[in-house]
1. Across the stretch 351-374, what is the number of residues that are outside any loop (DSSP other than H, G, I, E, B) and in contact with a Ser or Thr (Cβ under 6 Å, 6 or more places away or on another chain)?
2. Of all residues in the stretch 434-450 being surrounded by fewer than 18 Cβ atoms within 10 Å (Cβ to Cβ) and in contact with a strand residue (DSSP E or B) (Cβ under 7 Å, 6 or more places away or on another chain), which is nearest to Cys76 (Cα to Cα)?
3. If you go through the stretch 97-113, how many residues are touching a residue at least 12 places away in the same chain (Cβ under 8 Å), open to solvent by 10 Å² or more (accessible area, probe 1.4 Å) and either touching an Asp or Glu at 6+ places or on another chain (Cβ under 8 Å) or not hydrophobic (A, V, I, L, M, F, W, C) (or both)?
4. Here's a check for you: in the stretch 43-101, which residue that is basic (Lys, Arg) and not in a loop (DSSP other than H, G, I, E, B) is farthest from Lys195 (Cα to Cα)?
5. Could you please find all residues in the stretch 375-431 being in a loop (DSSP other than H, G, I, E, B) and among the aromatic types (Phe, Trp, Tyr)?
6. May I ask you to list the residues in the stretch 392-433 that are surrounded by 19 or more Cβ atoms within 10 Å (Cβ to Cβ) and either hydroxyl-bearing (Ser, Thr, Tyr) or farther than 16 Å from Ile134 by Cα (or both)?
7. Can you pull out the residues in the stretch 130-155 that are assigned to a loop (DSSP other than H, G, I, E, B) and open to solvent by less than 60 Å² (accessible area, probe 1.4 Å)?
8. Note down all Cβ pairs under 8 Å where the first residue falls in the stretch 267-288 and is under 22 Å from Met394 (Cα atoms) and open to solvent by 70 Å² or more (accessible area, probe 1.4 Å), the second is at pLDDT 50 or above and aliphatic (A, V, I, L, M), and they're at least six residues apart or on different chains.
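The values are calculated or read from the model by the stated rules, or taken from the named source; none is laboratory data. Remember, predicted model here, so these are calculated numbers, not experimental data. Quick reminder, even Gly has a Cβ in these numbers, built from the backbone with ideal geometry, and neighbours come from all protein chains shown. With ligands, DNA and RNA removed, areas are computed over all heavy atoms of the protein, side chains included. Shrake-Rupley method; radii C 1.70, N 1.55, O 1.52, S 1.80 Å.
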Amino acid sequence: MMQCIVLLVLGLGLAWSQDLDQFTYQTTSDTSVNPVYAPPDWMSVRCEHLEECAGWPEKFLAAPDWTLTTNDCQWCPANGNSCGTHHQSPINLERNRAINESEHHNQCVDAHFMHRADSSCTWDELIRLNAFSIERYALQIKQPMEVYDGSYRVACSNNGDHRWAELDYSKGFSNWWWLSHTDFHVPSEHTQEGKRYDAEMQLYHFFSVSGADSKAGVPDQMGTVSIFFEAYEGAEDYGMLNKIICQWRRAEDETRAQCNQPSIYNEYVGCTNYTRGHTRSRNLRMMDQGEESAVVVDVEKPGVDWAELLSDLKYLEDAHHGRRMTDFEEVGPWNNYFGLEDVKTEYYFRYSGTQTIPPCYGIFTPGPDNRANTNHWRVMKDPIRVSPRQIDEMHRLLKNRIAPPTDPIKPCQPDSAAGSYEGNDARVNMSRPLQSTHEAHFMTFCECRWVSHFAEDQAWCSDTDQLSRLYNHPYNFESVGF
């Protein structure tokens, strides 16, 4: 009888430990309780119970008629693929697919831009439902969900309408894609012509109908649109990114408060400054003088950063004149697809691939159904220009992450999957290493295939020298090369 009890306990322990497997961008740390696997070992990350397991954090529970069941990760590095035919992501994106004379030419068949419509969730509802989070592997904006009548729906109602944010792909996708969540990785996971960008925003979708109900009769399941961010010296802040950063900072402080830990004292001009557990004062403050206000500067305080002070003064001046509000509330209106409007291009790379975190959904299936089991990527050709301080703050938020008190592995402890960032200890690496490019990726570059509604696209396409357009002036804004 005792032997049976021992075996039962061991069996329960095995199942429990499988749900505690994790992945990292560092090195594998294999323990008997909760193994943590580096990118070459991600195929070992197990998940016994999808809704609870830590190692497959993005569940796609609302997807119709399909679920994540197998770990599809393979290690096919760009500098030495040893796994044969595959379409693992991320990859280096190459513009020669659009050149007729290139041996790698692959004709884009798309004929229109990606139509889109936002969800029923307002900005205030996203905040109320804790949609902004700092995950071990990325900064994230969730689409709030709830169970209704046995299935998942968007948790926000607009006059009774629980509407998903939705996107329409061109050619071969006759139904809508519904937005699951948006991840922000630093630095970018994909590269373009060998260039790695400062950040990458990935909007993960699931197909709104099952394969059996699709007009195309194809079991499409996952699709992701990606937009690069690049910091330029002297560039102004990107307003919408500031608005989102303020909410990640709020989420950071709420977690620390739940864990009875003091705020991280780190001012980010324009966002709420959290100071629990700190008595340090700022170098400047606003003093009311009737209908006027004055800025008081403590010039005796040692260590004044004058560049930062001037930036603060400019912000306070704008705030005083009604040009700015706390947490950038004046920026908007909010739309989940803000990036697709602000990137100012409709043109993109298209390829078949996988998730970039375990379980790397998207194992290649040879034969007539080779489009099944695929994450359908669309990666915009241009980056959105941001300021260096915005990228720095994204790195800081990820580097200083602690797990929430409900975490089953490291409650209220430092917990990040981040790898080291070469040459800068203040930054982190939250990107899967590049995977080798294979014919099974079916990579194409869709440029100037239709008339864009962006004037910037129209001007770019007016350059009839294709090689110059693709490589010498690759963006819709002034640039020389990438």
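1. Restricting attention to the stretch 351-374, the residues satisfying the condition of being outside any loop (DSSP other than H, G, I, E, B) are 351-353.
When the remaining residues are screened for being in contact with a Ser or Thr (Cβ under 6 Å, 6 or more places away or on another chain), the result is 352-353.
Residues flagged as outside any loop (DSSP other than H, G, I, E, B) and in contact with a Ser or Thr (Cβ under 6 Å, 6 or more places away or on another chain) within the stretch 351-374 amount to 2.
2. Keep residues of the stretch 434-450 that are surrounded by fewer than 18 Cβ atoms within 10 Å (Cβ to Cβ), which gives 436, 439, 442, 450.
Cutting the leftovers down to in contact with a strand residue (DSSP E or B) (Cβ under 7 Å, 6 or more places away or on another chain) gives us 436, 442.
Numbers: Ser436: 6, Phe442: 16 Å.
Across the stretch 434-450, the extreme among qualifying residues is Ser436.
3. In the first step, residues of the stretch 97-113 are kept if they are touching a residue at least 12 places away in the same chain (Cβ under 8 Å); the result is 97-99, 106-113.
Within this subset, residues satisfying the condition of being open to solvent by 10 Å² or more (accessible area, probe 1.4 Å) are 97-99, 106-107, 109, 111-113.
Of the ones still in play, those that are also either touching an Asp or Glu at 6+ places or on another chain (Cβ under 8 Å) or not hydrophobic (A, V, I, L, M, F, W, C) (or both) are 97-98, 106-107, 112-113.
The total comes to 6.
4. Start the filter on the stretch 43-101 by keeping residues that are basic (Lys, Arg), which leaves 46, 59, 95, 97.
Narrowing further to those that are not in a loop (DSSP other than H, G, I, E, B): 95, 97.
Values: Arg95: 12, Arg97: 17 Å.
Among those residues, the one meeting the criterion is Arg97.
5. Of the stretch 375-431, the ones in a loop (DSSP other than H, G, I, E, B) are 387, 400-401, 403-413, 415-418, 421-427, 430-431.
The one that is in a loop (DSSP other than H, G, I, E, B) and among the aromatic types (Phe, Trp, Tyr): Tyr421.
6. Ser416, Ser431, Arg432
7. Pass one, the stretch 130-155, residues assigned to a loop (DSSP other than H, G, I, E, B): 130-131, 135-138, 143-144, 149-150, 155.
Of everything in the stretch 130-155, those that are assigned to a loop (DSSP other than H, G, I, E, B) and open to solvent by less than 60 Å² (accessible area, probe 1.4 Å) turn out to be Ala131, Glu135, Arg136, Tyr137, Ala138, Gln143, Pro144, Ala155.
8. Close Cβ pairs (under 8 Å, with a partner that is at pLDDT 50 or above and aliphatic (A, V, I, L, M)) amount to Arg276/Ala257.
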